[in-house]
Structure formats: structure tokens, C-alpha cells
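Below: the structure, in C-alpha cells.
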Amino acid sequence: MIKQLKTETATEHIREFLKSMEHLGFTRPEILELAKQAEQDGCDAVVLYCFSDPAAEACRERLRIPVVGGAQASVLQAPLVARQSGVILSDPARIGEKELFLPTLGIGPGRIKAIGAIHFQGKSIWDNREEAFAQLVEEGKRLIREQGVQCLILGCLSFLGLARPLSEKLGVPVIDPAIAAVCTAESLVRQGI
């Protein structure tokens, strides 16, 4: 039996939205400082709320508490429910970046069979939920039909809350990286790691 734990969260935001890998490089020092401050403030773990897991390794080097990124948490959970998964990003321009990045996260070759994307560059996913969901449905269907994936991973943490309805619509497990990251952090804290 598992009893629901009560998790308290605290959120800090970087000053600017991450728009590109180049911009991500400029934000790493700020992310590292925020993570160090979280540890000093008594937080038990840090969750990086971006599918690029910005500054994760640098934070792990400097902190004694767990540092969990949404991408790594998601791709490590996917093999627990499917042989091969597909990732859906919010911008097709980021596919090449993720093809290089995702294999560095500790998963075996071939586990991420396909990476696709919806077309949401320059638009807020939060302000256009219905449109984003409709595009996720179509891209998910395509990855399942054409690539044979058995699980989908949402490749942007702004898709928070869309995994369950997408799973119900498509009939395959869909992993929400925001939830995967928080649950992974909770698990590590419970284990005293």
C-alpha cells in the first residue's frame, strides 16, 4: 500500500523565457545560483522545469540534494511502460537538438524511436491549450502509426496537464515531464538519496 505523501513546492523563475540553446547557455549561471539558494533555504530537491534540463550537471556538481530534469525523468520512466517511445516537442526547430541530447540521459539506444513536434513557435501553449492539444493528438497519431511507438513523452513542460487526456484519446501511455520530474524528486527524497 502506498499512502499519498504531502509535497510542498517552492518555485523560482529565471528572468527570461528560454528561446534557444544559445539563450539556454546564458541562463545556466542564474539557474545554478537559484538551485544553490534552494538548497541553502532547506529544499530537499531541485526540479528543473524545462525539457532541456538546463544546467543539470552543473547543479549536481555543486549541490548535495537531488537535481531532477523533466527530460531525464521522462525518458528513464518510459522503458517501464513501453519498449520504444516517441517524443513530441513544441517546435520542429528543436528536433535536431533533442536527437543529440536525449541519448545522453542514460537510456539505451533505440528506446526513443522517434521525435516529432507540433507547430507552436512564438505562441503560448498556456494561452492556446485547445489548439496545442489538437496538434498533440495529430502528431501522436502520426508517431504511433508511422513509427510504431508504444508510449509518448511530452517534450515541453508547458504541456503540463495534457498527458492524461492525450493518453485517453490515443490509447497509449503518455508521460508528462513535469509530473515525472516532481515524482522522481519525491522518490529520491523519500529514499534519503
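The values are calculated or read from the model by the stated rules, or taken from the named source; none is laboratory data. Keep in mind that this is a model prediction, so the values were computed, not measured. Here Cβ is always computed from backbone atoms with ideal geometry, including for glycine, and neighbour counts include all displayed protein chains. The area values use the complete protein model at the heavy-atom level, side chains included, leaving out ligands, DNA and RNA. Shrake-Rupley method; radii C 1.70, N 1.55, O 1.52, S 1.80 Å.
Results, tabulated for the structure shown:
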| quantity | calculated |
| --- | --- |
| Calculated diffusion of region 137-179, Stokes-Einstein form, Kirkwood radius summed over Cα pairs, 4 °C and 1.567 mPa s, µm²/s | 126 µm²/s |
| Number of Lys pairs (Cα under 25 Å; 8 or more positions apart or on different chains) in the chain | 12 |
| Interatomic Cα distance distribution for the chain, bins of 10 angstrom, percent | 9, 36, 36, 17, 1 |
| Viscosity 0.890 mPa s, temperature 25 °C, Stokes-Einstein D of region 26-84 from Kirkwood C-alpha radius, µm²/s | 203 µm²/s |
| Inter-label distance for Lys141 and Ala58, nm, one decimal - labels placed 7 Å from Cα along Cα-to-Cβ | 4.3 nm |
| Residues in region 160-193 reached by a label modelled at Gln84 [backbone nitrogen below 11 Å; 7 Å Cα→Cβ] | none |
| Neighbour count of at most 13 Cβ within 10 Å plus DSSP loop: longest chymotrypsin sites (Phe, Trp or Tyr not before Pro)-free window in the chain | 18-125 |
| Percent carbon-and-sulfur accessible area, the chain, ignoring ligands, DNA and RNA, probe 1.4 Å | 52 percent |
| For region 79-193, accessible area per residue (1.4 Å probe, heavy atoms of protein chains only), Å² | 50 Å² |
